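K.L.:
Next up is a structure, given as structure tokens.
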């Protein structure tokens with residue numbers, strides 16, 4: 001079953017057609033990545049999918065219900081973690097639940113059991129400045145997960161991290177996504193990130209932009225150390241540049 005459907009989207013920017021009949025379906029429990037050059041419309045597509053903006057025409061459906069132009073039905077994590085520096089980790093995580101006017105006891109009962117899975121059980125009393133980059137991203141991911149634990153839209157989720165931390169986060173997030181059967185749509189400039197995290201990869205290109213290429217990613221345990229992985233990376237790069 002499709003969790004998210006973008007159906008026949010049309011949209012323009014400064015009187016230039018950005019999308020002209022673009023469609024995409026993301027199945028429940030799947031991770032789909034979209035890559036493309038800067039300026040092709042990835043962020044606009046995300047804003048439409050999240051309901052932050054309405055397309056000129058077309059439909060966004062979540063769990064079969066029309067949510068076009070309606071925000072609040074996805075968890076949306078931007079490239080920057082946007083943690084509030086004057087609030088402790090716990091209060092940053094609690095923000096979406098606080099905005100829902102949940103009682104403090106209910107917020108506590110939702111957050112505390114999840115802290116170990118995110119590696120934050122010893123850090124919830126600290127401030128963001130006291131955390132590493134990877135820890136900050138885990139805080140932001142948990143906050144996003146609590147805003148919507150069934151559909152998450154991730155915009156360049158790990159691009160700001162160093163190489164070692166980034167790879168650790170790929171491994172952690174992959175295991176967490178599989179365990180929770182999360183549905184995720186990811187946009188990224190990083191081909192490696194897309195291949196590491198996604199089950200399927202689309203290349204967005206052109207003006208109006210289309211999902212011009214589609215790749216299904218082998219998720220076997222040895223794929224990332226294989227020649228096939230390097231070949232796939234080159235194929236995606238050629239698709240973006242071609």
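Each reported figure results from applying straightforward, stated rules to the coordinates on display, with no laboratory input. If you're wondering where the values come from, they're calculated on a predicted model, not measured in any experiment. Don't worry about glycine lacking a Cβ; one is built from the backbone with ideal geometry, like all the others, and counts go over all protein chains shown.
K.L.:
Write down Rg/Rh for the range 1-87, rounded to two decimals, with Rg from the C-alpha atoms and Rh from the Kirkwood relation over Cα pairs.
P.N.:
Values: Rg = 13.9 Å, Rh = 14.0 Å.
Radius of gyration over Kirkwood radius for the range 1-87 works out to 1.00.
K.L.:
Would you mind calculating the gained length between residue 25 and residue 78 on full extension (0.36 nm times residue separation, minus the Cα-Cα distance), in nm to one decimal? Spell out each step's value before the answer.
P.N.:
On the way: separation 53, 0.36 × 53 = 19.08 nm, distance 2.13 nm.
Taking residue 25 through residue 78 to full extension adds about 16.9 nm, to one decimal.
K.L.:
May I pose another question? Please compute, for the alpha-carbon atoms of the chain, the extent along each of the three principal axes and give them in descending order in Å.
P.N.:
Principal extents (Cα only, largest first): 50, 42, 33 Å.
K.L.:
Relative contact order (percent) for the range 10-81, with alpha-carbon contacts under 8 angstrom and 6 or more residues of separation?
P.N.:
Details: 69 pairs, mean separation 17.2, N = 72.
Averaging sequence separation for qualifying contacts and normalising by length gives 24 percent for the range 10-81.
K.L.:
Quick check: Cα centre of the range 78-95 to Cα centre of the range 45-69, how many Å?
P.N.:
Computed from Cα coordinates, the inter-centre distance equals 27 Å.
K.L.:
Taking springs between alpha-carbon atoms closer than 10 angstrom, which of 159, 221, 147 fluctuates most in the Gaussian network model of the chain?
P.N.:
Per the Cα network of the chain with a 10 Å cutoff, 221 tops the list.
K.L.:
Related question: May I ask you to derive the relative contact order of the range 139-242, considering only C-alpha pairs under 8 Å and at least 6 residues apart, and to give it as an integer percent? Mind dumping the intermediate values first?
P.N.:
Details: 86 pairs, mean separation 22.2, N = 104.
Rounded, it is 21 percent for the range 139-242.
K.L.:
Given the range 80-147 reduced to its alpha-carbon atoms as identical point scatterers, what log10 I(q)/I(0) does the Debye formula return at q = 0.16, 0.25 Å⁻¹?
P.N.:
Evaluating at q = 0.16, 0.25 Å⁻¹ gives log10 I(q)/I(0) of -0.45, -1.14.
K.L.:
Just to be sure I understand: with springs between alpha-carbon atoms less than 10 Å apart, which residue in 20, 231, 47 has the highest mean-square fluctuation in the Gaussian network model of the chain?
P.N.:
231
K.L.:
Please work out the C-alpha center-to-center distance from the range 140-194 to the range 206-237 and express it in whole Å.
P.N.:
Between the Cα centres of the range 140-194 and the range 206-237 lies a distance of 18 Å.
K.L.:
Once you have the alpha carbon radius of gyration of the range 163-242, what is it after dividing by 2.2 N^0.38 Å, with N set to its residue count? Walk me through the numbers on the way to the answer.
P.N.:
Working: Rg = 13.2 Å, N = 80, 2.2 N^0.38 = 11.6 Å.
The range 163-242 yields a ratio of 1.14.
K.L.:
Continuing with the same structure: Given a Förster distance of 41 angstrom, what is the FRET efficiency for residue 221 paired with residue 110, based on the Cβ-Cβ distance and rounded to 0.05? Please list the in-between numbers first.
P.N.:
Values: r = 33 Å, r/R0 = 0.81.
Plugging the Cβ-Cβ distance into 1/(1 + (r/R0)^6) gives 0.80.
K.L.:
Right, next: Taking Cα pairs under 8 Å and at least six residues apart, what relative contact order does the chain come out at, in percent? Walk me through the numbers before you get to the answer.
P.N.:
Details: 443 pairs, mean separation 64.7, N = 242.
Computed value for the chain: 27 percent relative contact order.
K.L.:
Can you give the calculated 222 nm mean residue ellipticity of the chain, where each DSSP H run of n ≥ 4 adds -39,500 (n - 2.57) and the sum is split over every residue, rounded to the nearest 500 deg cm²/dmol?
P.N.:
Details: 7 runs with 83 residues, N = 242.
Result for the chain, helices only: -10500 deg cm²/dmol.
K.L.:
Report the dimensions of the range 118-228 along its three principal axes from the alpha-carbon atoms, largest first, rounded to Å.
P.N.:
Principal-axis extents of the Cα atoms in the range 118-228, largest first: 46, 35, 26 Å.
K.L.:
Which residue fluctuates the most in the chain, going by a Gaussian network model with Cα springs under 10 Å, if the choices are 209, 33, 140?
P.N.:
Most flexible of the set in this elastic network: 209.
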